[in-house]
Amino acid sequence: QSVYSNKAGSPLREQIAYNGRPQLLSVGQFSRDSLEQLFRITDIMQPIARRQKVTRILEGAVLANLFFEASTRTRISFGAAFCRLGGSVCDTTGFTFSSMTKGESIYDTSRVISGYADALVVRHPEQGAVDEFARATNIPVINGGDGPGEHPSQAILDLYTIQREFSRLGKLVDGAHIVMVGDLKYGRTVHSLIKLLALYRNLRFTLVAPSTLEMPAHILERIARGGHVVEQSTSLAQGLKGADIVYATRIQKERFADEAIEGYTPDFQINQALIDSTCSADTIVMHPLPRDGRPGANDLSTDLNHDPRLAIFRQTDNGIPVRMAIFATLLGVENQVQHSMRDA
Ligand code: CP
């Protein structure tokens, strides 16, 4: 048992619990109210994330960061967020450096690590594998991305970024027009983000993808049931008209047996000329990153790098305070953070 298991007085942790446990496996654990509570905790974390303030609220706590699939942002930012709260991080990356390569089960791995750590972040190439880790332990488990399944912390930081950008522009998320572009079939970030956005009202989604990479039907049905308008298109120039948010994604080549992707042409690239000719001065361009910089990749051009509408690095910066808020909530210390802060 971790000392954080029995922390009392954390209503948000109880509201978002998964099967009664403090875990973050899916965005389906959130209501609009609990999401907005988490955003208020994220705002409190901002000065700590920027090193204007410091806290040692998680001093002595250990995070086990288990990444069985490649990652830069999620692994480093979860680790940095835990350190910013005063804790320490133990990492393992890839199967090669884990005893799972010797045949150890997820159950045994998870049980063993629960004796060493106070929280576990897991990325795994198979959908559902992180849930299996979570079922084997009582310490908080966070889904850092499970195959084509979900990536809840990315969706939360994306929506937090949208809220901040809209607040600056005097806009509301309710009623917004969101255009999602690229690999909507295998892109777990869009699967999580569209479900989270559906908690808002009267949204219009335009989904632009090659016919081979369209958003799964079960997600489309869920969004339509929420009263939102969903349009699918293979024409980016048409789809971008009137967009408040353009959310581009990389083709998830690692999830294909075949390298060739039918219909994925340069017409799917978000670039300066396209944004200038179709979007307004207050359209926000987002991407979960990494963008693919190799020849033939079409997701997001670097020619937008100096355009203030490009929010990709504001997104990555927001990853730290959002992940700090997730840890503080799951470990039940979110109400103590403000009193624990001192000047850096
Ligand atoms: N956005 C994201 O998940 O990035 P990484 O794969 O680098 O963690």
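General remarks:
- First in the range 163-190 and under 18 Å from residue 151 (Cβ atoms), second anywhere and among the aromatic types (Phe, Trp, Tyr) and modelled with pLDDT under 95, Cβ under 9 Å, 6 or more apart: 181/268; 182/264; 182/268; 183/264; 186/256
- Complete set of residues in the range 115-165 that are aromatic (Phe, Trp, Tyr), in a helix (DSSP H, G or I) and surrounded by fewer than 24 Cβ atoms within 10 Å (Cβ to Cβ): 160
- Annotation: of all residues in the range 43-69 being assigned to a helix (DSSP H, G or I) and among the β-branched types (Val, Ile, Thr), the one that is surrounded by the fewest Cβ atoms within 10 Å (Cβ to Cβ) is 44.
- Cβ-Cβ under 7 Å pairs, at least 6 apart or on other chains, the range 90-102 side assigned to a helix (DSSP H, G or I), far side modelled with pLDDT of 90 or more and not hydrophobic (A, V, I, L, M, F, W, C): 100/109
- The set of residues in the range 66-83 that are under 20 Å from residue 318 (Cβ atoms), more than 11 Å from the ligand (Cβ to nearest atom) and in contact with a strand residue (DSSP E or B) (Cβ under 8 Å, 6 or more places away or on another chain) comprises 79, 82, 83.
The values are calculated or read from the model by the stated rules, or taken from the named source; none is laboratory data. Keep in mind that this is a model prediction, so the values were computed, not measured. Note: ideal-geometry Cβ built from the backbone for every residue, glycine included; neighbour counts use all protein chains shown.
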